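Some notes on the structure that comes next.
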Amino acid sequence: MTNSAKHSWTHAGHGLPDAKEPEPSTTAIATGLQLPAGFAAIADDPELGPAITTNLARVEKKLREAIANSDPLADATSRHLVEAGGKRIRPLLALLCAHLGDASRPAVVQAAVVVELTHLATLYHDDVMDSAPFRRGAPTAHEVWGNSVAVLTGDLIFARASILVSELGSRALGIQARTFERLCLGQLHETVGPRPDEDPVEHYLSVIADKTGSLVAASGQLGAIFSGADEAYEPLLVEYGEKIGVAFQLADDVIDVTGIKVKSGKSPGTDLREGVPTLPVLLLRNAAAEGDQSAVELLKLIDGDLSSDEALAAAVAGLRDHRVTAESWVVARAWADEAIAALAPLPDGVVKSSLTSFALAVVDRAS
């Protein structure tokens, strides 16, 4: 039998690798945080601003602690995306919604860590399935270590999220399990595509509701639960999260065909080149089927060989200028409007106004 004491990792991989650099303090992390667009009201509030920023810093610190692994390879692969940064939208929503109750409860921060770990894990898997070369401006994990290591790293991070959520109790575990189920089903349905009798646009919307909306909804719900907020707020936050998650992904998909290079490092037209069905292209196919000759001609280009940068640029430009792109923005804004409408019963204040501002910012992004 191998003597585990001779190895540099502990049972189940928990612990820190040897000769590890010390982590920055919570104060240092908080000082460097910048809230995403739409949350200016939080930063301007003398009480809520410092409270949210401090808790976000705690989330960041606990994220790094949660993924730390005494196995050097697992530690490096797990840290890859955390250290690449990110907007931390999901934990921010959990922390913000917690201010509908008592946001100082320790379980609030742990719940926020759980939703971000879950999100990070899905990114490892998504990048493998999409053969994405970059994520957040850095090479994806599968580009560095290969597909198998990237998938297993995603699984490992899911496992860490499961450990943390189990400590929060059975209700949180149930929410996490149902969300995980929807994440998997969304990816499965995206992979196999719509059934012959299914409308492609409706299929696409259901996929992003599962893949994006479900976890955003869980974020706000968990924040409310563990702050002890009024239970009547939960269904409102779930509906808001579902709808704003769809609006967010719709906007991302439109941005991909506008020719703007976004901060995530994803080049414009990536979805076109990979043949990923997004709303602008689905609407273009509908337009072509209805006899729009400009759509027919543009589809010939999009369905053709886009391996060269010149062909891809032409496809991006053509789709950007076609009316279906403007129509896609209308759809995205409608989802954002419905998300805002769901908040109506919430008490007026910075929480409600910030959720509203975020919804507007989601569909009014320049990058």
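With a cut-off of 12 Å, note down the residues of the range 96-110 whose backbone N falls inside the zone around a label point 7 Å from the Cα of Glu167 toward its beta carbon.
Counting only backbone N, you get 106-110.
Taking a virtual spin label 7 Å from the Cα of Ala51 along the C-beta vector, which residues in the range 341-367 bring their backbone nitrogen under 11 Å of it?
Residues passing the 11 Å test: 350-351.
Run the simple label-point estimate for Asp321 and Glu181 please: 7 Å along Cα→C-beta, distance reported in nm.
Taking the two extended label points, one gets 4.9 nm.
For the chain, which longest stretch is free of loop sites, where a loop site is one of the trypsin sites (Lys or Arg not before Pro) that DSSP puts outside H, G, I, E and B and that has at most 13 other Cβ atoms within 10 Å?
Result for the longest clean stretch: 21-260.
Just to confirm the filter: which GluC sites (Glu not before Pro) across the range 187-241 are DSSP coil and have at most 16 other Cβ within 10 angstrom of their Cβ?
When the GluC sites (Glu not before Pro) of the range 187-241 are filtered for loop state and at most 16 Cβ neighbours within 10 Å, Glu198, Glu231 remain.
Taking a temperature of 20 °C and a viscosity of 1.002 mPa s, what whole-number D in µm²/s does Stokes-Einstein yield for the range 263-366 with Rh from Kirkwood over alpha carbon pairs?
The estimated diffusion coefficient comes to 137 µm²/s.
Order the following by accessible area, largest value first: Ile244, Ile225. Probe radius 1.4 Å; ligands, DNA and RNA are ignored.
Ile225, Ile244
Spelling out what I want: for every residue of the range 199-214, take phi, set θ = phi - 60°, compute 6.51 cos²θ - 1.76 cosθ + 1.60 (Karplus), and round to whole Hz; glycine and proline get x.
5, x, 5, 5, 4, 4, 5, 5, 5, 6, 5, 6, 6, 10, x, 4
Before I look further, what does the range 212-367 give for accessible area per residue, probe 1.4 Å, in whole square angstrom?
41
Over all alpha-carbon pairs in the chain, figure out the percentage whose distance exceeds 40 Å.
Across the chain, Cα pairs with separations above 40 Å total 16 percent.
With each pseudo-label sitting 7 Å past Cα toward Cβ, what's the Ser148-Ala232 distance in nm, one decimal?
5.7
The values are calculated or read from the model by the stated rules, or taken from the named source; none is laboratory data. Predicted model only: the values in this text are computed from it and were never measured. Don't worry about glycine lacking a Cβ; one is built from the backbone with ideal geometry, like all the others, and counts go over all protein chains shown. The accessibility values were calculated without ligands, DNA or RNA, using every heavy atom of the protein model including side chains. Shrake-Rupley method; radii C 1.70, N 1.55, O 1.52, S 1.80 Å.
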